[in-house]
Amino acid sequence: MTQNEHKTTVTPQQLAHIGEGAIAYMREMDVADLKGKFPGMPEMEPGTKLWALFAADGQPILLADARDAALAGALQNDLQPVSLH
């Protein structure tokens, strides 16, 4: 590091709150992968794909059968959506 550079340290707690209340991520997932994230989810046909919306900290917000519905859910909650692949 040179004399003019400044190193910023972010704690794990601070990192966990980045984007909180402002950003949500969307991801198309198989129902088998969603069971642990959405407790109480009804039984569905194996291989069914759903769109999941999660808060920046990973908390589940909603499930939708279409990308547009998940996007609308993010916007209705005043969240900036980002997609994960």
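In the stretch 35-64, the residue that is modelled with the highest pLDDT out of those that are charged (D, E, K, R) and touching a strand residue (DSSP E or B) at 6+ places or on another chain (Cβ under 6 Å) is 49. Looking only at residues of the stretch 10-34 that are modelled with pLDDT of 80 or more and out of contact with any strand residue (DSSP E or B) (no Cβ under 8 Å at 6 or more places or on another chain), we find that the one that is nearest to residue 60 (Cα to Cα) is 33.
Working only within the stretch 42-77, note down all residues that are in contact (Cβ under 8 Å) with a residue 40 or more places away in the chain and out of contact with any Leu (no Cβ under 9 Å at 6 or more places or on another chain).
So in the stretch 42-77, the residues in contact (Cβ under 8 Å) with a residue 40 or more places away in the chain come out as 57, 67, 70-71, 74, 77.
Scanning the stretch 42-77 gives 57, 67.
The values are calculated or read from the model by the stated rules, or taken from the named source; none is laboratory data. For clarity, every value in this text was computed on a predicted model and none was experimentally measured. No Cβ is skipped: glycine too gets one built from the backbone with ideal geometry, and neighbour counts run over all protein chains shown.
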